[in-house]
Amino acid sequence: MSGAAASLKSSASELDLDRPNIEDYLPSGSSIQEPTGKLRLRDLLDISPTLTEAAGAIVDDSFTRCFKSNPPEPWNWNIYLFPLWCCGVVVRVLILTIGWIIFLSTFIPVNLLLKGHDKLRTKLERSLVELICSFFVASWTGVVKYHGPRPSMRPKQVFVANHTSMIDFIILEQMTAFAVIMQKHPGWVGLLQSTILESIGCIWFNRTELKDREVVAKKLNDHVQGADNNPLLIFPEGTCVNNHYSVMFKKGAFELGCSVCPVAIKYNKIFVDAFWNSRKQSFTMHLLQLMTSWAVVCDVWYLEPQVLKPGETPIEFAERIRDIICARAGLKKVPWDGYLKHSRPSPKYRERKQQSFAESVLQLLDDK
């Protein structure tokens, strides 16, 4: 009983960290008093300009918190564990090296010599991509537990998942050869995208090209109609979030007129933080961090397919799917567009959010 009480107390204190304390933003000696009469929003903003500034600060804080990496305190360097850790890193490098040798020595002949046998070539390429992803997971000492039925190839279905890192794709791909929609990357990742991953039907886009949206939308519609195409996987947040929060889902995946299969991914940070903070490290360094950690531990839930309800808009459908994923993975919903991570919010957008915050405070005062 005492354990349950301690757990509830811990959960409550965690929620308090995300709940803004208005008192902290008021001048010293000030406090929120019980309203003596009916307050209007204009009155509230006029008598407390500090509150407006507080709204802006809290808006920025709650947004940046979604993309903040909090790696656990390193403990690899214990004198007793250090030799074991060194051996583990050497073994992981060998595993990944052997995996690439096997993959390339098989994939290249299959791709070149089976041009006239499309079905056989496609089947072998799917299996080989799953194989190399399994080698990647093994090189991180991945401990992945999958829940629910394994995805199958069916027309008119799309899988959507929360997004923490590009390794989400690798972890899902080792079980099922998904065709994923993904941002086009430079360097060696871009080379893999344009050669190996295109063989399983992946679709690429460039966030800076507006014309790409129409082209990608058409490719998505064409892909979900094909019975022999690999299951389509989309990360509707559009950016990596730190596995504690969930930002708004883009509605494109929910306008295809097909069933949507939610996938919830939750990482355990006991050994390493799997969040890829692309503004602070390259994907190569991110992989190196994972390979030099003790293990990558996570759970994956394949949840029940959902369809658009009568009278439900694609945006409402997207929010309903986000609710399902957040409830299963224990994520906190926030009303932010993840693309703001790549460009600072405009003054007009910030003003709108500040106004919304002030209205919520007024509502709280009225409720009291």
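Filtering segment 260-275 to residues that are out of contact with any Pro (no Cβ under 8 Å at 6 or more places or on another chain) and part of a loop (DSSP other than H, G, I, E, B) leaves 274, 275. Selection of segment 286-302 for residues being touching a helix residue (DSSP H, G or I) at 6+ places or on another chain (Cβ under 7 Å) and within 22 Å of residue 149 (Cα to Cα) yields 298, 300, 301. Quick one: would you say residue 312 is buried (at least 16 other Cβ atoms within 10 Å of the Cβ) and of a type in the set (Asp, Glu)? No; evaluated as a whole, the condition is false for this residue. Could you please find all residues in segment 119-156 being under 24 Å from residue 272 (Cα atoms) and not in a helix (DSSP H, G or I)? Passing the criteria: 140, 141, 142, 143, 144, 145, 146, 147. Within segment 245-259, being buried (at least 20 other Cβ atoms within 10 Å of the Cβ) and in contact with a helix residue (DSSP H, G or I) (Cβ under 6 Å, 6 or more places away or on another chain) holds for 245, 246, 247, 249, 254, 256, 258.
When residues in segment 312-335 are screened for being without any contact (Cβ under 8 Å) to a residue 60 or more places away in the chain and in a helix (DSSP H, G or I), 4 of them pass.
Quick note: the coordinates plus some simple rules give every number you see, no bench work behind them. Because the structure is predicted, anything quoted here is derived from the model rather than measured. Virtual Cβ from ideal backbone geometry, glycine too; neighbours counted across all protein chains shown.
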